[in-house]
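Everything below concerns the one structure shown next.
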Amino acid sequence: MSKKEELEEKAESCETSEDYVNVAKEIVQDLSDKDWAGELMDEGAEWAQTVDELILFAKAAGEALGDKDRAKQYLVQAKDFGTTTQDFVNLASAASAIGDTATAAELMTAAQAKCTKIADFFTLSKTIQDVLGDADMAKQTIDAAIGKCKTVANYVDCAKGIVDVLGDKEQAKGIFDKAGESCKTGDDCALLAKGALEILEDAALARSLYEKGEAQLETGKDLVALAASAAGDLKDPEYAKAIYRKAAERMEKGEDLMTLAKSIVDSLQDKALALDIYNKAEPLFSKFDQLSKLAKAILSDIGDAAAAGAIYQKTLEADPTSKQLVQVAKALADELEDTPGALKVLKGAELAVKSNDEFKLTAEAILKYADDPQWIEAIKDQQERREANAALYTDFLAQENTCETSGALVHLARKVVMQTGDKHYARKLYKRAARKAHYFPEYLTLADAVYADLEDAEWVREIYTMLQERCDDPLKTNNLVDGIMANLGDSQWAKTIYSSQEQSASKATDFVRLARIVNDKLRDAQWAGELFDKAAEACADVVSCTTAAGAALASLGDMDRAKALYTKAESFCEGSAQFEVLVRAAAEQANDPQVVRGLVQSAEGKLSGARDLTSLAEWTLTYLDDPPGARRIYQKALQAPDAASRKSDIVLSIKNKLGDEGWAKKLI
């Protein structure tokens, strides 16, 4: 087979651009047949689909065939496949390599149209200088890059390109000055200043850019970005701290302050300043998740167990669930080694349990960390009861979750004790009831139930002590003492309460009320008598005296004190109306005619008017049933100085009250 036949066979089997180019080169080399080689390359070029393939054909046309026109044809064909700046740069380089500067310039112009990034323009500009040596065209490309700048990142890339391509730091500095107008955020300002440091190595310019950003930035978040850059890029920790503090002053959200504190730790490793910022965030949080996240951040970033522990304790005020409290307890015990604090939290978790699953989780934690044998035994006892009565406890928990008042919880607790005997669960319910109680009667009911079901005299005493401070009327005091006596049998405490009331008493009615209570509730007749004596001293009118006398008789059966009070009441009587009150009271209270008679006689000695004496005669009939005595007083009334003007009233009284119609007629 001849060489030509061999090459013909190779030409027919070409599949790739490389195949066509290689065979064409062999044809030129072995047969010196450039026409056939050119035709073969044209055939291969028709199948080419990429810029690189057509550049391969162009280089071969120039080098193997010495055919610049054909090479240019391939390069022009390749333009249709160019999609990137680099594609056109490669084409231009290929054109330059074959000495076709015009085509190279045309392709460089096309390449500029494909530039999308600032860096692309500068790469192209450098290529123009290297390949074409056309300074004007290279400058036009740089000007185009500057015109494309819209963001700070664009300007930084532009400045870098100017230094890399032109080595012109002054022009680059001008770019940084212009870029300052485009800074909108802290990240922008930080990026610009960092660029000045890295590209120009100009710390003074960078510092001025930081200061300009500090002045124009409004939010704390933006200042944080600037401060982090000042610490990491400018290497000026004191300046960074100043910006961080300024940022903190502008922040109103706890989350933002936490981000700031984290940035301080990362950029400055200044844990003291970071802790100050974390502490500033703490009052801005009220939810459990917020506080828990803060505590974890303090522990991981600062390593301050005490500060983290204080935040964990504050989570208890955020109405956490039982599950959340168990999480806190584990953190306190395992991470902070604060087992006492963890146990305190678990006490709260036990109270917050709202399902059997929550109880199981809480119980496991208590058994893991607790060292109180009684508490451990109580948890184990509850576990056994709940396992044995799962359905019943599910119902109890469902009811508990619907209880809105202290009374409802007390009712449920009593039901629990009655049906299961589970005093531990009942105690939890009673504690919840105590937290929901607001009114005096609710606390009294709670104390009764606690004593009845738990026999916890200490807790009952705490409730009563609290109620003692709330006693603002006699009814509350009496109800409190009833509870103290019924549940605690503490008569000395009751006496102390009433002694306090005695010291503040000033009115006769106050002393009378206390005397009756002391006698009825404490069975202390001696003290009651002393109180009646104080009541007698405080009496200032007929009614107060008769009231005290009646009470002394009813409570103590003390006629002597009653008589003394009647005598004092008599001293206040100035007219028949007051004597009538006294006589009527004595008659109803004393059940002793002699006492009444003595008061009537005293009245007779003081009264002189016909009307008053007539009334006295009628009282004698009503309260003493003494017609002779009444007749004598009527005679005295008829002899009164004003008898003539009152005669008709006297006669009518004699007729109707005394029943002596004959005497009445004689007087007419």
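The values are calculated or read from the model by the stated rules, or taken from the named source; none is laboratory data. Small disclaimer: the values here were computed from a predicted structure and weren't measured. Reconstructed Cβ throughout: ideal geometry from the backbone, glycine too, with neighbour counts over all protein chains shown.
Some observations on this one:
- Condition met for Asp164 (over 46 Å from the mean Cα position of the chain (by Cα), farther than 30 Å from Leu273 by Cβ and at pLDDT 75 or above): no
- Taking the listed residues Ala494, Ala528, Ala486, the one that is farther than 30 Å from Leu409 by Cα and either more than 40 Å from the chain's Cα centre (by Cα) or among the polar types (S, T, N, Q) (or both) is Ala528, with no other qualifying.
- Counting only residues that are buried (at least 16 other Cβ atoms within 10 Å of the Cβ), out of contact with any Phe, Trp or Tyr (no Cβ under 6 Å at 6 or more places or on another chain) and either more than 25 Å from Ala92 (Cβ to Cβ) or not acidic (Asp, Glu) (or both), segment 41-54 holds 1 of them.
- Close pairs from segment 565-591: first in contact (Cβ under 8 Å) with a residue 60 or more places away in the chain, partner of a type in the set (A, V, I, L, M, F, W, C) and surrounded by 20 or more Cβ atoms within 10 Å (Cβ to Cβ), Cβ under 8 Å, at least 6 apart: none
- Residues of segment 431-463 that are among the hydrophobic types (A, V, I, L, M, F, W, C), surrounded by 20 or more Cβ atoms within 10 Å (Cβ to Cβ) and over 21 Å from Gln492 (Cα atoms): Ala433, Ala434, Ala437, Leu446, Ala449, Val450.
- Among residues of segment 463-478 that are free of Cβ contacts under 8 Å to residues at least 60 places away in the same chain, those with a Cβ under 6 angstrom from a residue that is crowded, with 18+ Cβ neighbours inside 10 Å and among the aromatic types (Phe, Trp, Tyr), sequence gap 6+ or separate chain, pair up as Ile463/Tyr443; Leu467/Tyr443.
- Per-region count, segment 547-559, residues touching a helix residue (DSSP H, G or I) at 6+ places or on another chain (Cβ under 9 Å) and surrounded by fewer than 24 Cβ atoms within 10 Å (Cβ to Cβ): 8
- The listed residues are Phe579, Phe572, and the only one of them that is in contact with a Leu (Cβ under 8 Å, 6 or more places away or on another chain), over 20 Å from Asn519 (Cα atoms) and not basic (Lys, Arg) turns out to be Phe579.
- Some residue of segment 552-562 being at pLDDT below 90 and farther than 18 Å from Ala538 by Cβ: no
- Count of segment 335-393 residues, restricted to those that are over 15 Å from Ser322 (Cβ atoms), assigned to a loop (DSSP other than H, G, I, E, B) and of a type outside the set (Gly, Ala, Ser), is 6.
- Subset tally (residues that are surrounded by fewer than 22 Cβ atoms within 10 Å (Cβ to Cβ) and not in a helix (DSSP H, G or I)) for segment 408-422: 1
- Selection status of Glu214, assigned to a loop (DSSP other than H, G, I, E, B) and closer than 26 Å to Ala281 by Cβ: no
- Any hit, segment 283-300, residues being polar (S, T, N, Q), closer than 30 Å to Lys194 by Cβ and touching a helix residue (DSSP H, G or I) at 6+ places or on another chain (Cβ under 8 Å): no
- Matching entry among Thr405, Thr420, Thr362, Thr394 (being of a type in the set (S, T, N, Q), at negative phi and more than 33 Å from the chain's Cα centre (by Cα)): Thr420
- Of the residues making up segment 72-102, just one is aromatic (Phe, Trp, Tyr) and within 17 Å of Thr123 (Cα to Cα), namely Phe88.
- Pair list, Cβ under 6 Å, 6 or more apart: segment 513-537 residue touching a residue at least 12 places away in the same chain (Cβ under 8 Å), other residue not in a helix (DSSP H, G or I): Val518/Asp524
- Top-ranked residue of segment 150-182 - restricted to ones that are farther than 25 Å from Gln129 by Cβ and without any contact (Cβ under 8 Å) to a residue 24 or more places away in the chain, ranked as surrounded by the fewest Cβ atoms within 10 Å (Cβ to Cβ): Glu181
- Verdict on Leu197 being in contact with a Cys (Cβ under 8 Å, 6 or more places away or on another chain) and either at pLDDT 75 or above or part of a helix (DSSP H, G or I) (or both): no
- Screening the candidates Asn401, Asn356 for the property of being more than 29 Å from Ala447 (Cβ to Cβ) and touching a Lys or Arg at 6+ places or on another chain (Cβ under 8 Å) yields one hit, Asn356.
- Identification of helices (runs of 4 or more DSSP H) wholly contained in segment 224-322 with 2 or more residues that are acidic (Asp, Glu) and either surrounded by fewer than 19 Cβ atoms within 10 Å (Cβ to Cβ) or at pLDDT 85 or above (or both) yields 237-249, 254-268.
- Whichever residue in segment 471-519 is small (Gly, Ala, Ser) and crowded, with 16+ Cβ neighbours inside 10 Å and, among such residues, is modelled with the lowest pLDDT: Ala505
- Among residues of segment 1-40, those that are of a type in the set (Val, Ile, Thr), surrounded by fewer than 20 Cβ atoms within 10 Å (Cβ to Cβ) and touching an Asp or Glu at 6+ places or on another chain (Cβ under 8 Å), counted: 0
- Test result for Ala577, surrounded by fewer than 18 Cβ atoms within 10 Å (Cβ to Cβ) and either touching a strand residue (DSSP E or B) at 6+ places or on another chain (Cβ under 7 Å) or not acidic (Asp, Glu) (or both): yes
- Only a single item in (1) over 26 Å from Ala437 (Cα atoms); (2) of a type in the set (A, V, I, L, M); (3) in contact (Cβ under 8 Å) with a residue 12 or more places away in the chain is not met by Val353, and it is number (1).
- Checklist (1) within 18 Å of Val583 (Cα to Cα); (2) surrounded by 17 or more Cβ atoms within 10 Å (Cβ to Cβ); (3) at pLDDT 90 or above applied to Lys636, failing item: (1)
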